[in-house]
Structures are given as structure tokens and as C-alpha cells.
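Reading through the C-alpha cells given below for one structure.
The values are calculated or read from the model by the stated rules, or taken from the named source; none is laboratory data. Please read all numbers here as calculations on a predicted model, not as lab measurements. Here the Cβ positions follow ideal geometry from the backbone for every residue, glycine too, while neighbour counts run over all protein chains shown. Accessible surface is based on the protein model in full, side chains and every heavy atom, while ligands, DNA and RNA are left aside. Shrake-Rupley method; radii C 1.70, N 1.55, O 1.52, S 1.80 Å.
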Amino acid sequence: MEPASRLDHNHELSIKDFPYIVRWRDDRCKRCGRCTAVCPMLSIEPAVVVKRVVQSEGLTPEPKAVRYTTTMVKQTTNIERYCIGCGTCTLVCPNEAIEPEYNPRHKFNFHKNKGGHPYRRGGRRNDPMPSTLDRLRFTRISMLTDPALDAGRHEFRIRTYLGRILPAEELPVIMVNGKLEVDKTSGKFIPPVREIYPVMIGSMSIGALSPTMWEGLAMGITYLNEVEGMPVVMCSGEGGMPHRLLKSRFLKYFIPQIASGYFGWDEIVRALPHMIEDPCAIEIKYGQGAKPGDGGLLMAHKVLKLISEIRGVPMGVDLPSPPTHQTQYSIEESVAKMIQSMSMAWGFRVPVYPKISGTRTAKAVLNNLVRNPYAAGLSIDGEDGGTGAAYNVSMDTMGHPIASNIRDCYHDLVAQGKQNELPLIASGGIGKKGNLAANAAALFMLGASAVSIGKYIMQAAAGCFGDEMNRCNVCNLGKCPRGITTQDPKLYRRLDPDVVAERVVEVYKSLDIELKKIFAPMGRSTELPIGMSDGIGTDDHAIAERLHISYVC
Amino acid sequence: MCRLAAITSNEYFSPIENIAALETMKEGHDGSGMGLVLKTLGGEFEELKDHPILSGICSKNGLHTLDEYMNKLGFKLKYAWTPRTKPVKGIVPRDYYFARVYDYPDVYKDRPLEEKEDLLLKTRLALRKLGETDESIIVFSFYPDILTLKEVGDPLELCEFFGLEKSPLKAKIILAQGRQNTNYAINLYACHPFFIQGYGSMTNGENTAFVPIREFLMSRGFPGYLGYNSDSEVFCHILHYTCKKLGYPLTYYKDVITPLKQSEIDKRTDSEVARLLKVSLRPLCIDGPNCVIAFTPDGTCFMVQDAKKLRPGAVGGVKGKYGLMSEECGLDSVVPARDKSQDIFPMKFDMVIIKPGAEEVTVWNQLHG
Ligand code: SF4
Ligand code: SF4
């Protein structure tokens, strides 16, 4: 009889408390050790156990208990090393002997706060339910009165504008001999406007992303621009960009981001005189959908040589960005001055727009921007947006869904007659269920001029394991098993930037076809159907009412 | 798909000619309605050119309300025209079809045209609102030298109903549409042609970009941009917005509704402006198949097509008289003695423009600007 203290294991967790239970099959395992070697969390380990079997060898039953020692793969119950369900073990197992299984009755959130540290992670809101966007359908099909277009044959123009657009009434045009001409003497400032593909790659920094991932994305969009003629643009995220890129002609496909830590901007400003192209735009980050009110954080173990060079900081230190731009206080000052100084830095040739997290107060920011002639747009990141590192509580409970946020802002612009003047960029959960084209098209019809994707492209182009059942999501730890969000060369060398680039191109080409497949039957091909709200419907009465679209059942 | 028949001439002619043309294109409309807009009027209106004409329909009660309202504003009735209707099977007659010619209120007599136009527009909208709920007053236009007639039914039967054959009613420009009722309930406000402050238009096709265009127009802060019982009304208002509000030359209407690709814009001499317009007026870009026939205040008539799917449309005639029709048979009916080889079938870049007085036809090509 063992003492009671040994039997109850009272302060230990049971495997049943964990979100993923590793199913290991003794009969298939050949003990090669690949899974334990590759596990990013060290959740599984080789173990030596004693087994007892009852055997009988003769013609008549003569049962005998035999004890023997054997090896197995064991899952730990140490919460610091919890299995994240990534499935990397499954990926490397030659015999299909191991697989994590989701445990819906887990108690992970009760326990993941050792040392008083709340749970932090990467990824997006853990809500596997379909979002509002996934509940919208395209219900206006042109039939007899307007025979549908042919997505394969007709010419489609899937483009949008990024930049402040002057209303026609304010354009400095004059009539000369029956033709209109730009009045060069008027001195009127015509803000820069870029024509871009309406699905952008959103801000993910070098630092949050591995060098191979960032390079892959950058190569992919460059190829799309230069070879496929698709003007897809990408935002750098906070933390600067490689020098080589800053001084290259490819800079025009990128949107450098300035955030509250101003990381990387010393280097960008120093590179200014050497730039041979203007960047596509500048994004000023005020907030992020995944963690409203929180600044960025790049953990010390991610700050290696390349990052320290680009950001202009020492290696191996935590790089927190404050939640707000600390040098400025009011919205007027913060937004107006930053927009103006950024515009001035590039001689007012580059559109500058702020990005905020989805919020009920988005309209206040919007109205401030409407009155600022230099504001080039407003990017709103909804609660389903992803991040490299944040508190779980921020990610799961803070923020505003993008659909009604965009719709309200669009209606606000319409009420002022300025719906074409200040483009709205929507992001946060687009393609969450894999329906990239449908989600993007729905947002255009709700009033967005463009949308921005992040998590989706990581999943589609680099096979990111993360999902809304909290699979993987250790992007903050620098242990990314796919090599996407890590600065550890052992890990990021797993990711081939050429393959990422190829996938980016494939994703965009198929997205383009899918968008046409949506627009063609709706009879839309000449302009992006921004605000075409009669095109969408939903089977949810409350959503229909809230978004002012039709209810269908 | 509706059928359209427009005629412009240097001599007065009867709307019967338009109706006869519509009759030749009968397969294309289902007799669900007809609209006529007459510009540069002859007959009894010839002497009244400077006086605004209120065209519409009202009930007995409605007429009372209307008179009271007009009196209150100080408009003095100068002449009242009403068609001599006769019963025709299938047409439900309404109480009173009218075209009433007024004198401006005294205080407005010497005001500039702009102010008079605003007064006329506001008055029309107020009357529309007064009679909207009970349909006691329906007003189509209130403008000098413009007369509008609309009713539900087959064009030929309506012609008989309104007694147009014997009527001296004549004009130099007439737009007529035979309606194919499709997705909207029959409502006379949804019936083409549409008219606003000197600009008239009619369209056949479907405008799939209707909702954003409507939102854009309605948010311009101009009281006349409302109604939109038909998705085609926006074509008329875009024309008004482009030429009157923005003051652009007519051909830019084409650039607004069907902007060119950047590579095409680059080849235009006014490329800088064309690009700015494309960006600033993006919400007015139309979509879907559409053929637009319209006139402007000076009596210029034109036809344009959408940028892709194109609806049928033909322009032809002789110096002094041209037809702008959905189909060639309509031209045969109106100007049989023309040189058919000169007929024009506008394609996606073309704007066929007929100068006032039907003097000559030009085809403006958008690519060349
Ligand atoms: S699923 Fe991932 S974390 Fe879990 S045991 Fe396998 S490799 Fe380790
Ligand atoms: S695969 Fe990498 S990027 Fe994706 S969730 Fe896991 S750690 Fe994050």
C-alpha cells in the first residue's frame, strides 16, 4: 500500500485539464524520437515505464504476472509545457503513431497564470463560430433584365484608391476651348492617391515575423506587381524595413508603419535621401483589433542581430511599444500633427492614414479625419484581428466586430456626402473561416474601400497552424513550429521563402478569380461595388437590421 | 427591356411619330406604361416659351390643393392644357391630366434664371410631397417649354386615350419610352423619361450600381436628387450634376458614367483631368447594360452606351430631323427617306451628339477625348 500523499497528486493537473491530449499509439511507434525532438513546447518526452502483463504459456492456463521495463512517449502535465495541439509531432512521425486531440472539457484558462502572470499568446480571438461576415450572402443576381457577366471572358476592374480624394467640386479644373484642364495657377493641393488592389497585406513586422516569412511575403507581392500586374501592397508593421528594400525601386509596393514605439524610424529617416521611389503610403498605428489599448511587444528572445539593426536597438532586450503615442495628448494633436509631419517628410507625395482598433468611438476619429485635408483614409481593425503577442483577455474580450463598425462609419460618411473622399480600410477576421473573397466582397458592399489581411495569409501561404480552438498560438514565444513568427534560425530555416512567395501569388490569383465569380453574377465589373448594400442579405434578422441589408430565408 | 424613341427636328412634329416608332419595336415593351417629354413646344405653347409649365396628374381634391398651394406662392395660372381623353379599354382614367402654364410670382419676375429654376424645383418637390401618400397629386416636371405626359398602358392605346392624333400638341424634341415592367411595381414616378432643370433622359437596361450612385447623389445636398423609384432616374441626375452643378462640357458625362482604363486615359490630351474625374467621381460609374438617350437645356440630344454589354441603339436621319432609337425599325418609321448606310450604332466609346436644331450628327470618341 502506497502512502495517501503519493496517491492523490492533489496539486497536479490531470491530462484532462489540458486543451489538447496527445494520442500516442504504442503499437505503431518505432521509438525514433522525432516527435519529442521537434515538439516546440517540450510537451512530450520519452519516458521509461514498468509494465505488468499476465501471461500464460503452457497448454493449460497457468497465468503468471510478468513485469517489464519499456519506453513510451508521455505527455507532461506541467502547464508551462502544455501541448498546443500544433501537430508538428504528427507531421514528423513516420508511422502515424502520434496525434493531438482537442479536449473540449479542458480547464486551461483556470490554470494558465503561474506566478501571477496572465496568459499571453499570439493568434486571434478564440471564437470558432462563424463571424457576421460569414453569415452574409450575395443575393442580388442579375438574370433576365441584366444577363450576368462572364467571370472568365469579361474584363473586370478590381482596384481601389488609397488616399484622400478631393470632391469634384473642389478639383482645380478650368475649361479651355471646350475641354477641361488642371488649373496650375490655382495653388490647390491635390492629395496623392494610389490605385491598388483592394485586398492588402496588413501590418506584420519584421521581428514579429521571421526573416524568411517576411521575405517570402515581400517577394510574393513584388511578383504580383511586376509580373501579374496586380498592384497588391503590404504594410511593414512597426519596426522598420530592411535597408536594401528602403533604397530599392520596390519600396512603392510597401506601406511603412509608424507606431508608438517609433521603432525603425531612425533608419527610415536616414534612408530618406537615398530613396529612389516613394512608399505606397504611411500607416500610423494607434490601435490594433486584437489588443485594443495595448502597445506592441517584441520579446527579448526575438531581438536578434537583424532585428536590432533594422530597429536601431541593442540585441536581446524586450521592445515594448507604449499603448499610446506618448509624445502627444489629444486626438487633434496626435492625429493631425503626425499625419502632417509624415506627409511633410515625403513632400506631401505619399498618402498618410491612421489605423485604429475597432471601437464604438470609431466615428469620432473618423469625423476628425474628415476635417483633416491631409488624412488619406482610416483603417479599422476589428476584434478578430490577429497579433504576435497579447494578453488572452484582451484578445478574447476586447474590441469591436468589423462589420457594423465599418457600416456605421460608411453611413456617417454618406450622411456627410464624403463616402468617396476618405477611404475606409477594414480588417480583423477576414478569411477567418477560409472565405477570403466572400468576406472581402461583403465588406466592400458594406462600405469598405479596401480590406487588409494578416492571419489569413500566414495560414494560406505558410501553413500557420493557429486557429480559433487555440491551436498553436505560441507566436509570442519565438517557438513557432512553422518558422513564421520566430527569430530562431533553427526554426525559420524550415520555412522556404520561395514557397511562401509562390503561395502568396497563388492565393491572390485565386482570390481574383473568386471575386470575379462574386461580382459577375451581380452584374458588377467596372468599379469595386463599394456600398452596394442591396447586393447582400443574411438569414439573421438582427444582423440584417443592424447593417441595413435585406433579411433572407 | 424598355424601348426608346427620341426625335429631334428643326420643325415642330407630333408625338404620334414617336409612338408610331415605339409601335414598330413592340416586341420590346409590354405596354406597362409610356412616358413622353416634349421640349421646345409648338402649338398653343409656342407663345408661352418663358413661362414655366407644370405637368402632372391629379385627383379632383388634388387639384384643389394644388391651386391653393400655387396661389399661396404667388404663381398665377396663365393657361391650362389638358388632353382630350376618351375612354379606351384597359386604361383606367385618372381625374385630371394637366400641363398648366404659370406666371412667375411677382418677386421672381426679374430674378436670374438660376433662382427661378430653384423656385420651380422646390415647388415641384413640395407638390410631389403634398400628393404622395394618397396619390392625389403627381407632378413630373415644372419648367419652361417642357411638357411631360405619363400613364400606364400600351403606347398606341394611350395615344388614343390622350387624343394625341387630333391634338395640335407639337414640339421639336420629344423623348418617348415604352415601358417593359420588370422588377418594380408600376409607379408613374418610375416611368421614363426623367427630367430635371433642363436635362431629360431615358434609358433601357439595368443599372447594377444603382444603390451607391443613389447614395452619392442624395448626399450632394441638392434637393432635386431624390425619388429614384427607378434605377434609371440616376442617369438624368448624373447628367444634371456633371453639366449643371460641376459645369463640365457634355462629353465628360461619358467619362463620368463609363470612365476609361488608366492606360486609355494616358493617351488622352486631357489625361490629367480625366484621371482626377475618374477618382473623384468613382461612385457615379455605372454598371450593367445601359443605353442612355438624353437632351440638354440648349436642345442638344445624344446617345451613349455602357462600357461593356451595350443595349441596342441606333441614330439616323436627315439634316433637320434625326431619330435616336432602340432599334433601326424605329428609325425607318420616323425618317424612312434617309441614307441607311449613314446610320450610327454607337459602341462603348462613342457618344453620338446631335446639335440643337438637328443640324448635324457627330460621334465623339472617348478614347480620343
Ligand atoms: S501537438 Fe505540438 S505541442 Fe503537442 S505534442 Fe505534438 S508537437 Fe508537441
Ligand atoms: S504556426 Fe507559428 S505563427 Fe502560426 S500560430 Fe503557431 S506559432 Fe503562431
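Remarks
- Cross-chain or 6+ apart pairs with Cβ under 6 Å, the stretch A:73-85 first and more than 18 Å from A:A97 (Cα to Cα), then polar (S, T, N, Q) and within 16 Å of ligand 2 (Cβ to nearest atom): A:R81/A:S43
- Flag for A:I406 being closer than 15 Å to A:G202 by Cα and buried (at least 24 other Cβ atoms within 10 Å of the Cβ): no
- From the options B:S333, B:S341, residue that is in contact (Cβ under 8 Å) with a residue 60 or more places away in the chain, of a type outside the set (V, I, T), open to solvent by 10 Å² or more (accessible area, probe 1.4 Å) and more than 13 Å from chain A (Cβ to nearest Cβ): B:S333
- In this structure, A:N103 qualifies as more than 16 Å from ligand 2 (Cβ to nearest atom) and open to solvent by less than 70 Å² (accessible area, probe 1.4 Å).
- Pairs with Cβ under 6 Å, 6+ apart, first in the stretch B:196-221 and surrounded by fewer than 24 Cβ atoms within 10 Å (Cβ to Cβ), second part of a loop (DSSP other than H, G, I, E, B) and hydrophobic (A, V, I, L, M, F, W, C): B:V211/A:M532
- Within the stretch B:244-253, the residues that satisfy the criterion of being of a type outside the set (A, V, I, L, M), more than 8 Å from every other protein chain (Cβ to nearest Cβ) and more than 16 Å from B:S280 (Cβ to Cβ) are B:K244, B:T251.
- Among the candidates A:G123, A:G33, residue that is within 16 Å of ligand 2 (Cβ to nearest atom) and more than 20 Å from A:K16 (Cβ to Cβ): A:G123
- In the stretch A:497-526, the residues that are within 14 Å of chain B (Cβ to nearest Cβ), under 21 Å from A:M200 (Cβ atoms) and surrounded by fewer than 23 Cβ atoms within 10 Å (Cβ to Cβ): A:K516, A:I518
- Members of the stretch A:450-474 found to be small (G, A, S), within 8 Å of ligand 2 (Cβ to nearest atom) and open to solvent by less than 20 Å² (accessible area, probe 1.4 Å), listed by number: A:A462, A:G466
- A:E96, sole failed condition from (1) open to solvent by less than 40 Å² (accessible area, probe 1.4 Å); (2) more than 16 Å from ligand 2 (Cβ to nearest atom); (3) of a type outside the set (A, V, I, L, M): (1)
- Positions within the stretch A:39-93 being more than 16 Å from ligand 2 (Cβ to nearest atom) and among the polar types (S, T, N, Q), in sequence order: A:Q55, A:S56, A:T60, A:T69, A:T70, A:T71, A:Q75, A:T76, A:T77, A:N78
- Test: residue in the stretch A:483-496 that is away from ligand 2 (no atom under 11 Å from the Cβ), open to solvent by less than 20 Å² (accessible area, probe 1.4 Å) and under 23 Å from A:K302 (Cα atoms): yes
- Residues that are in a helix (DSSP H, G or I) and open to solvent by less than 40 Å² (accessible area, probe 1.4 Å) within the stretch A:229-252 comprise A:L245, A:L246, A:L251, listed in sequence order.
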